[in-house]
1. Need a quick list: strands (runs of 3 or more DSSP E) entirely within the stretch 1-54 having at least 1 residues that are over 23 Å from Gly102 (Cβ atoms), modelled with pLDDT of 95 or more and open to solvent by 30 Å² or more (accessible area, probe 1.4 Å).
2. Scan the stretch 75-115 residue by residue and report those that are open to solvent by less than 20 Å² (accessible area, probe 1.4 Å) and either aromatic (Phe, Trp, Tyr) or touching a Phe, Trp or Tyr at 6+ places or on another chain (Cβ under 6 Å) (or both).
3. Could you give me the residue pairs with C-beta distances under 6 Å whose first residue belongs to the stretch 98-111 and is under 9 Å from Val57 (Cβ atoms), whose second residue is in a loop (DSSP other than H, G, I, E, B) and within 6 Å of the ligand (Cβ to nearest atom) wherever it lies, and which are 6+ apart or on separate chains?
4. Return the only residue of Ala66, Ala55, Ala101 being out of contact with any strand residue (DSSP E or B) (no Cβ under 7 Å at 6 or more places or on another chain) and away from the ligand (no atom under 11 Å from the Cβ).
5. Of Phe95, Phe59, which residue is in contact with a helix residue (DSSP H, G or I) (Cβ under 7 Å, 6 or more places away or on another chain) and modelled with pLDDT of 95 or more?
6. Of all the residues that make up the stretch 60-74, how many are buried (at least 17 other Cβ atoms within 10 Å of the Cβ) and of a type outside the set (Asp, Glu)?
7. I'd like the full set of residues that are farther than 18 Å from Pro110 by Cβ and over 10 Å from the mean Cα position of the chain (by Cα), limited to the stretch 20-37.
8. Could you give every pair whose Cβ atoms fall below 7 Å, whose first residue belongs to the stretch 18-37 and is without any contact (Cβ under 8 Å) to a residue 40 or more places away in the chain, and whose second residue is open to solvent by 30 Å² or more (accessible area, probe 1.4 Å) and of a type in the set (Ser, Thr, Tyr), counting only separations of at least 6 or pairs across chains?
Amino acid sequence: MPIDPTAPYDDDNIFAKILRGEIPNTTVIETEHSLAFHDITPQAPTHVLVIPKGAYVSFDHFASEAGEAEIIDYVRTIGQVAQMCGVDLGEGGGFRLISNAGRDGVQEVPHLHVHVLGGRGLGRMLQPA
Ligand code: 5GP
């Protein structure tokens, strides 16, 4: 079910549990402010989720509330993940970043995450409605 965009941050969401070490993950990289790990149901050969360690529900929440150090760390970590997975434009065939937010974005986990997808041709961005 998509999340309720008006709800406060839920400390029991699955990514909060991953950050607390209550649920295992396959880490790609961990930094001071961010964690990247493989999606449990990969949709492409590369499918990594990058999350901030702070309690942010969505990209807009993060953009308005996070500190500069968190934002810089997060953006750089996403770039590093693309490099580490070999999909960056220096080495690989490219990638797509997706961050679903709220009802229309069909966000399922209410903790900000960017999907890093690549390793095959990904087709058009959206299917016709
Ligand atoms: P959303 O639809 O919110 O953008 O994406 C949530 C993503 O989290 C999905 O791609 C789903 O496969 C992934 N996911 C859900 N639960 C877990 C989990 O326990 N571990 C990992 N690694 N990924 C998860």
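The values are calculated or read from the model by the stated rules, or taken from the named source; none is laboratory data. Nothing here was measured: the structure is a model prediction, and the numbers come from that model. Cβ sites come from the backbone with ideal geometry, for glycine too, and all protein chains shown count toward neighbours. The protein model used for the area step is the full one, side chains on, heavy atoms only, and it has no ligands, DNA or RNA in it. Shrake-Rupley method; radii C 1.70, N 1.55, O 1.52, S 1.80 Å.
1. On the way: elements: 27-30, 34-38, 46-52.
Output list reads 27-30, 34-38.
2. Residues satisfying the conditions are Ala82, Val87, His111, Leu112.
3. Taking only residues 6 or more apart or on different chains, the pairs are Ala101/Gln107; Gln107/Asn100.
4. Numbers: Ala66 fails: out of contact with any strand residue (DSSP E or B) (no Cβ under 7 Å at 6 or more places or on another chain); Ala101 fails: away from the ligand (no atom under 11 Å from the Cβ).
So the residue among Ala66, Ala55, Ala101 that is out of contact with any strand residue (DSSP E or B) (no Cβ under 7 Å at 6 or more places or on another chain) and away from the ligand (no atom under 11 Å from the Cβ) is Ala55.
5. On the way: Phe59 fails: in contact with a helix residue (DSSP H, G or I) (Cβ under 7 Å, 6 or more places away or on another chain).
Checking each option against the conditions leaves just Phe95.
6. 4
7. Taking the stretch 20-37 as the starting set, the residues that turn out to be farther than 18 Å from Pro110 by Cβ are 21, 24, 26-33, 36.
Gly21, Pro24, Thr26, Thr27, Val28, Ile29, Glu30, Thr31, Glu32, His33, listed by residue number.
8. Correct list of pairs: Leu35/Thr27; Phe37/Thr26; Phe37/Thr27.
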